[in-house]
Amino acid sequence: MSRAGLSCPGCGSSNVVDDNLYCQSQLVCVDCGSVVSEGALVAADDHVGGSDVSYSRSTAVAKKPCMNLIKGIQRVKAICRILRVNSGIEDLSQTYYNLAYQHESFIRVSLQKKEVLAGCCVLVCCRLLNWPITMGTISCLLDADPMVVGMVYQEMVKILNIEPPIINVTEVMEAHSLEYKITSLHVPEEYAESSKDLTKRAVSLVELAADSWIVTGRKPIPIMMAAIYLSWQSLKPNKHRLKCSLEKFCQIAKVNKHRPASKRITEMKKVLCKLGNEIPWVREAVTPDNVVRQVEDILKHRYALLRRALRTHEEALLVECQASCEDSLTEEAAPTQSSALVEQNPNASSVEQCELNAERAQRPGGGDDNPCTVSELHTDIQESQYPTPNWGKRVLFAPPCVTHPRKKRRVEQPELKDVTGDEEISDSEIDSYIRTPREAREFTLTQQLFYESEKS
């Protein structure tokens, strides 16, 4: 087949035909046998001039996602089906995973971090669509460290510019209580309890714990476990439940025990005891051993009991303050007696007075306004040995970081200033420079001995 418009560059003939005898088509001149064009990919619609064809139009295929992305999406689907979320959460989770996976912060990371990213996408979608799921649940499903899950979650939310709502502990209590297998189908009758009643009692306990600063800055899972355990004991406080420890309860309910839950139980019992002692019809003292029997009455009248407990605590502080004021008044009488003794002995030397004041400074209330400032030194030592008491000890309920501080308070050290010689000298320092009569006599005697030794 001849090609119109083409001419042979060797002989100038226009008799140029396709040579299809080889695997690659060529344009050959019939008159002289010269090859006009060889090995050029030309478009179907434009053969003149041998125009190039793009790779995608010749042999390229559609780009496929990588295997890690496919496995990550499958992991997202598996987590959604385990949690039994709706299709909207599942589709949104896959969309967020695709966006986050292609970002430069997650494209060159370990496979473990990519697997954690799948769980974080499901978690943020559940929070956006009001599905109660905690970060501890996602960490358990992925078998990952909660700290790593939290770091990936914060990074993903920042990259995708998502503003998830803050989830309260009480909102996920119902979903968390369903994990405890303590219904009549799983355990004997003396241990069985309805999930609905258990959730209602546990939510009330968590609200009381929030009012008394127990929830502040704490992980939610141990708090919920402690609330469910106390609720389970208080709903039917029989001998089987009261003797059952937290470890045995977790074995019965088929859940993993969290170590901080024991501390949260102790703190909740202390709060319940403070309120239980304010119940008028309870004659015996409420202790952590018998407070479980009073949980129902405490939660029913908790607001009235809270006001009454705060009022009782304020009255006790007022009585203590009045007692301390009376003690301070009795101590103020001691300096007047010491000044009277000084007036009775006006001829005593300043050294003897200083020693006398030092002895009085060691007794409570003594040593004020002495010339040798022994009382000032004693006060400084006392302040260093007995620091300012924690204000959390004086209130009925306080945050955990105040009642149990882990770090010692920093003592402000005075700034070091350059000595110029123009500083003012205090009276106490001047007194230390003035010689006493005894020192003056000894100095004179020393000078006389020194002169006599030089003359000899």
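The values are calculated or read from the model by the stated rules, or taken from the named source; none is laboratory data. All figures in this text were calculated on a predicted structure; none of them were measured in a lab. Note that each Cβ is placed from the backbone with ideal geometry, even for glycine, and that neighbours are counted across all protein chains shown. Areas reflect the complete protein model, heavy atoms only, side chains present, ligands, DNA and RNA absent. Shrake-Rupley method; radii C 1.70, N 1.55, O 1.52, S 1.80 Å.
Numbers below:
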read-out: Label-point gap, in nm, between ALA78 and ASP18 - each point 7 angstrom along Cα→Cβ; value: 5.3
read-out: Loop-resident sites, the stretch 92-193, for GluC sites (Glu not before Pro), counting at most 10 other Cβ within 10 Å (DSSP); value: GLU189
read-out: Net length gained if the chain between VAL109 and GLU452 were fully extended (0.36 nm per residue, minus Cα distance); value: 114.3 nm
read-out: Efficiency of FRET from Cβ geometry, TRP281 and ASN86, R₀ 56 Å, rounded to 0.05; value: 0.70
read-out: Pairwise label distance in nanometres, LEU396 with ASP145, each label 7 Å out on the Cα-Cβ vector; value: 4.2
read-out: Rg over Rh, two decimals, the stretch 170-308 (C-alpha only, Kirkwood Rh); value: 0.94
read-out: When each of LYS196/LYS257; LYS243/LYS269; LYS77/LYS113; LYS196/LYS236; LYS219/LYS239; LYS274/LYS300 is checked by Cα-Cα distance, pairs over 20 Å; value: LYS196/LYS257; LYS219/LYS239
read-out: In Å², nearest 10: area of PHE443 left accessible to a 1.4 Å probe; value: 90
read-out: Interchain or long-range residues, amide H under 5 Å from SER37's placed H; value: LEU27
read-out: Estimated FRET transfer efficiency (GLN154, HIS404; beta-carbon r; R0 35 Å; 0.05); value: 0.85
read-out: Area accessible to solvent at LEU129, 1.4 Å probe radius, in Å²; value: 80
read-out: FRET efficiency estimate (nearest 0.05) - Cβ-Cβ, THR330 to THR183, R0 56 angstrom; value: 0.25
read-out: Bins of 5 Å from zero: percent of alpha-carbon pairs in the stretch 67-166; value: 2, 14, 29, 28, 21, 5, 0
read-out: Between the stretch 155-195 and the stretch 103-142, the Cα center-to-center distance that results, in Å; value: 17
read-out: Accessible area (Å², 1.4 Å probe, nearest 10) - HIS313; value: 50
read-out: Net +/- balance of residues flanking ILE265 in space, Cβ distance below 12 Å, scoring K and R +1, D and E -1; value: +4
read-out: Note, ³J(HN,Hα) from phi for the stretch 114-119, Karplus 6.51, -1.76, 1.60, rounded to Hz, x at Gly and Pro; value: 5, 5, 5, 4, 4, x
